[in-house]
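Asker: There's a structure below that I have some questions on.
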Amino acid sequence: DAGVTQSPTHLIKTRGQHVTLRCSPISGHKSVSWYQQVLGQGPQFIFQYYEKEERGRGNFPDRFSARQFPNYSSELNVNALLLGDSALYLCASSLVLGYTFGSGTRLTVV
Amino acid sequence: KQEVTQIPAALSVPEGENLVLNCSFTDSAIYNLQWFRQDPGKGLTSLLLIQSSQREQTSGRLNASLDKSSGRSTLYIAASQPGDSATYLCAVNYNFNKFYFGSGTKLNVKP
């Protein structure tokens, strides 16, 4: 079985631009969560979606948004990028217990 | 406010040594706790998941324990190998909604 798939793997954007990150969960997993990991720190929770509904939101500005599609894949959108948005963005999926993480998207804002 | 602390932040040991990584959390009403491994620039690999009703879980050379009353979990690695070198992250789940992560312990196992 394929694991959690994220695309793209690396991305360079300019301040003020918009970015869309994509995640495909493990087949059958209905819950998808997004995390931001800044260098040297543990991941910080951004969003959780379950059955296409938002179930949780972390302490991130409204520039961050997400959605989940009928096939349970998900997108994370970030508007008006700031230098501080540079990080590894991780997607995780879950069936019942525990989470499986993807390899992440490395976003660099210049 | 839920906080997760991992001590030590970094650890360097010779190959073959047994070692313990520590994780503490402020709110003991957890749903479950999961230990992850992260290699540089990579995603997270799940090592062990402990439910709130469990005291420990084992997988190979790894053993994780949970003491909810004291707000602590430990990850024990037996007979460490250079391939164990990575950052180990503890994540606490309170309501099947989101994980709170510690900052990790960076482990270096010297040949």
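Computed from the coordinates by the stated procedures, all read-outs in this text should not be read as laboratory data. Since this is a predicted model, take the numbers as computed values, not measurements. Don't worry about glycine lacking a Cβ; one is built from the backbone with ideal geometry, like all the others, and counts go over all protein chains shown.
Asker: Before we move on, is B:PHE36 crowded, with 19+ Cβ neighbours inside 10 Å and more than 30 Å from A:PRO8 (Cβ to Cβ)?
Answerer: So B:PHE36 fails the test.
Asker: Among the numbered conditions (1) part of a strand (DSSP E or B); (2) under 19 Å from B:PRO82 (Cα atoms); (3) free of Cβ contacts under 8 Å to residues at least 12 places away in the same chain, tell me where B:LYS42 comes up short.
Answerer: Among (1) part of a strand (DSSP E or B); (2) under 19 Å from B:PRO82 (Cα atoms); (3) free of Cβ contacts under 8 Å to residues at least 12 places away in the same chain, B:LYS42 violates only (1).
Asker: Still on this structure: Give the residue that is farthest from A:GLN48 (Cα to Cα), with candidates limited to residues of segment A:65-102 that are hydroxyl-bearing (Ser, Thr, Tyr) and within 14 Å of chain B (Cβ to nearest Cβ).
Answerer: Taking the candidates together, the pick is A:SER86.
Asker: Output the residue which, of all residues in segment B:55-65 that are within 14 Å of chain A (Cβ to nearest Cβ) and under 12 Å from the mean Cα position of the chain (by Cα), is surrounded by the fewest Cβ atoms within 10 Å (Cβ to Cβ).
Answerer: B:GLN57
Asker: Shifting gears a bit: Six or more apart or on different chains, Cβ under 6 Å: which pairs go from a residue in segment B:1-22 that's over 11 Å from B:PRO111 (Cα atoms) to one that's part of a strand (DSSP E or B) and basic (Lys, Arg)? Could you list them?
Answerer: Listed pairs, sorted by first residue: B:ALA10/B:LYS106.
Asker: Determine, yes or no, whether A:SER93 is closer than 20 Å to A:SER27 by Cβ and without any contact (Cβ under 8 Å) to a residue 60 or more places away in the chain.
Answerer: Criteria not met by A:SER93.
Asker: Being part of a loop (DSSP other than H, G, I, E, B) and surrounded by 14 or more Cβ atoms within 10 Å (Cβ to Cβ) is the requirement here; does B:SER80 meet it?
Answerer: yes
Asker: In segment A:18-62, which residues are touching a residue at least 40 places away in the same chain (Cβ under 8 Å), facing another protein chain (nearest Cβ under 8 Å) and in a loop (DSSP other than H, G, I, E, B)?
Answerer: Across segment A:18-62, the qualifying residue is only A:PRO43.
Asker: For segment B:1-39, name all the residues that are part of a strand (DSSP E or B) and among the aliphatic types (A, V, I, L, M).
Answerer: B:VAL4, B:ILE7, B:ALA10, B:LEU11, B:VAL13, B:LEU19, B:VAL20, B:LEU21, B:LEU33
Asker: Can you report the number of residues in segment A:61-102 which are surrounded by fewer than 19 Cβ atoms within 10 Å (Cβ to Cβ) and either among the aromatic types (Phe, Trp, Tyr) or under 12 Å from the mean Cα position of the chain (by Cα) (or both)?
Answerer: Final tally of qualifying residues: 7.
Asker: Here is a further query. Just name the residue that is farthest from the other protein chains (Cβ to nearest Cβ) out of those in segment B:83-111 that are over 11 Å from the mean Cα position of the chain (by Cα) and in a loop (DSSP other than H, G, I, E, B).
Answerer: B:PRO111
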